[in-house]
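The values are calculated or read from the model by the stated rules, or taken from the named source; none is laboratory data. Everything numeric in this text was worked out from a predicted model, so none of it was measured. Reconstructed Cβ throughout: ideal geometry from the backbone, glycine too, with neighbour counts over all protein chains shown.
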Amino acid sequence: MRLSDRLSQISPSATLKITAAAKELAREGKRIINFAAGEPDFPTPSHIKEAAKKAIESDFTKYTPSSGTLELKEAICRKLQTENNLSFDVSQILVSCGAKHSLFNTILAIVNPDEEVLIPMPYWVSYPEMVKVARGCPKFIKTTRENNFKITKGDLKKAISRKTKLLILNSPCNPTGSLYEEGELADLVPLIIDNNIFVISDEIYEKIIYDGLKFSSIACLDKRVKDLTILVNGVSKTYSMTGWRIGYLAADKSIVKAATNLQSHSTSNPCSISQKAALAAIEGDQTFIKDVVKEFGRRRDYLLGALDKTILKPIKPEGAFYIFCDISKTNLDSVAFCKRLLNEAGVAAVPGAAFGMDNFVRISFACSFEDIKEGMKKIENWIDKLK
Ligand SMILES: Cc1ncc(COP(=O)(O)O)c(C=O)c1O
């Protein structure tokens, strides 16, 4: 039977695929260290769980407005104002079922068939596939290790064509952990304005930043860029709430209206209980984030030190919780590397091919410090045998 042409070009998420393979091996009784998953191992903080329990007990269990509850959208506006110095009205906010859903809604709301979407490479696995669902053309912008995998105004200028509709920026970046400094973003601004290009600013790792570095959003740099920016964020990574599925976007009213319309015909609203939990997360005590980032930093430094002693060449992440490692010296492509690493050493990692770079693998340090030490030992032993 012939299925939809639209989906024939779409590959399944490599991250979820390798995580599933690792879980399957674990179910068979094998000891597997999971360096593949992009989710913090910390429990969701208890004040957030309490808010969800209260929501259930008070029967806050019905449909909400499609775009999210007013109280949550107001809280998001306050967060954007106080933390990012960005002023948005509630009509400019759409709450969705995770930041992934926010991105999906945005891309479908903006991109027409054959329009080009600029995606710096390496990229988060889902961007090109979402663009393909919208029948747009992903156009990759190559970056270099020397430039810490960030695009420059020269790179952007070369990539822009008459068909360019949208640029996707992700800082801190999954998979490299690169963070754009304010000046680097400011360099891109004139080209974005002159060519009237929309920008998705995926800020999901905003709070997970190391070494005292500072987060900057391109939307803050110029009023005209703010009008062209779709800011995407959510609670998954910061509050260890990956399963609750709450993300949001802030953008021009016309984009929010179109994306809300789309959402109203797919999921209706994001889960009412999760919205109450997200409200508690955004409005509640933020102090634990500092402890979480400190612990991520400890894991990052340990892994970097250990990986540096092997033939794998790690990139030092400035944010997020991944280390992108150059595996060229192993003479294996990234899929073969990850398959063998999983089957022979019991360690799951994600092939760089999924992010557009086949000579890299991504190692997540969102698992416990004990797992990191054990997983790293397994990697060292396995690499010794490869030689
Ligand atoms: C760069 C990036 N954007 C968005 C998401 C999606 O986050 P959520 O769990 O809120 O859908 C992820 C999750 O891995 C991510 O890495």
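Take D222 and decide whether it is without any contact (Cβ under 8 Å) to a residue 60 or more places away in the chain, charged (D, E, K, R) and in contact with a Lys or Arg (Cβ under 9 Å, 6 or more places away or on another chain). Considered against the rule, which asks whether it is without any contact (Cβ under 8 Å) to a residue 60 or more places away in the chain, charged (D, E, K, R) and in contact with a Lys or Arg (Cβ under 9 Å, 6 or more places away or on another chain), D222 comes out as no. Selection within region 106-116: residues that are part of a helix (DSSP H, G or I) and touching a strand residue (DSSP E or B) at 6+ places or on another chain (Cβ under 6 Å). The member of this set that is farthest from the ligand (Cβ to nearest atom) is I110.
Assigned to a loop (DSSP other than H, G, I, E, B) and closer than 14 Å to K73 by Cα: is that true of N269 in this structure? First the steps, then the outcome.
Details: assigned to a loop (DSSP other than H, G, I, E, B): yes; closer than 14 Å to K73 by Cα: yes.
Yes.
Does at least one position in region 189-203 carry a residue that is in a loop (DSSP other than H, G, I, E, B), closer than 29 Å to F365 by Cβ, within 15 Å of the ligand (Cβ to nearest atom) and touching a Phe, Trp or Tyr at 6+ places or on another chain (Cβ under 9 Å)? If you could, list the steps in order and put the result at the bottom.
Within region 189-203, the subset in a loop (DSSP other than H, G, I, E, B) is 195-197, 203.
Keeping just the survivors that are closer than 29 Å to F365 by Cβ gives 203.
Applying the additional criterion that residues be within 15 Å of the ligand (Cβ to nearest atom) yields 203.
Narrowing the set further to residues that are touching a Phe, Trp or Tyr at 6+ places or on another chain (Cβ under 9 Å) leaves 203.
Looking for residues that are in a loop (DSSP other than H, G, I, E, B), closer than 29 Å to F365 by Cβ, within 15 Å of the ligand (Cβ to nearest atom) and touching a Phe, Trp or Tyr at 6+ places or on another chain (Cβ under 9 Å), one finds at least one in region 189-203, hence yes.
Against the test of being touching a residue at least 60 places away in the same chain (Cβ under 8 Å), more than 16 Å from the ligand (Cβ to nearest atom), more than 19 Å from the chain's Cα centre (by Cα) and at positive phi, the options R135, R145 yield a single qualifying residue, R135.
Among the residues of region 210-256, those that are within 14 Å of the ligand (Cβ to nearest atom) and outside any loop (DSSP other than H, G, I, E, B) comprise I230, L231, V232, N233, G234, G247, Y248, L249. For region 368-384, the set of residues classified as surrounded by fewer than 22 Cβ atoms within 10 Å (Cβ to Cβ), in contact (Cβ under 8 Å) with a residue 12 or more places away in the chain and of a type outside the set (A, V, I, L, M) consists of S368, F369, D371, K373, E374, K378, E380, N381, W382, listed by residue number.
Name the one entry in F321, F337 that is surrounded by 17 or more Cβ atoms within 10 Å (Cβ to Cβ) and under 21 Å from the mean Cα position of the chain (by Cα).
Working: F337 fails: under 21 Å from the mean Cα position of the chain (by Cα).
It is F321.
Yes or no: E39 acidic (D, E), within 16 Å of the ligand (Cβ to nearest atom) and not assigned by TED's automatic domain parsing to the domain that holds Q263? Yes. Checked against the criteria, K329 does not count as over 30 Å from V95 (Cα atoms) and either at pLDDT below 95 or aliphatic (A, V, I, L, M) (or both).
Could you go through region 54-62 and let me know if any residue there is closer than 30 Å to A134 by Cβ, assigned to a loop (DSSP other than H, G, I, E, B) and touching a residue at least 60 places away in the same chain (Cβ under 8 Å). Before you say what the answer is, go through the steps one by one.
Just the residues of region 54-62 that are closer than 30 Å to A134 by Cβ, to begin with: none.
No; the residues of region 54-62 include none that is closer than 30 Å to A134 by Cβ, assigned to a loop (DSSP other than H, G, I, E, B) and touching a residue at least 60 places away in the same chain (Cβ under 8 Å).
For the structure I just gave you, tell me whether R245 is within 20 Å of K79 (Cα to Cα), of a type in the set (K, R) and under 21 Å from the mean Cα position of the chain (by Cα). Steps first, answer last, please.
Values: within 20 Å of K79 (Cα to Cα): yes; of a type in the set (K, R): yes; under 21 Å from the mean Cα position of the chain (by Cα): yes.
Yes, satisfied.
Taken as a whole, the condition of being away from the ligand (no atom under 14 Å from the Cβ) and crowded, with 18+ Cβ neighbours inside 10 Å applies to N84.
Being within 16 Å of the ligand (Cβ to nearest atom) and hydrophobic (A, V, I, L, M, F, W, C) is the filter here; which residues of region 149-188 pass it? Step through it out loud before you land on a result.
Looking only at region 149-188, we keep the residues that are within 16 Å of the ligand (Cβ to nearest atom), and these are 149-151, 166-180.
Result: F149, I151, L166, L167, I168, L169, C173, L179.
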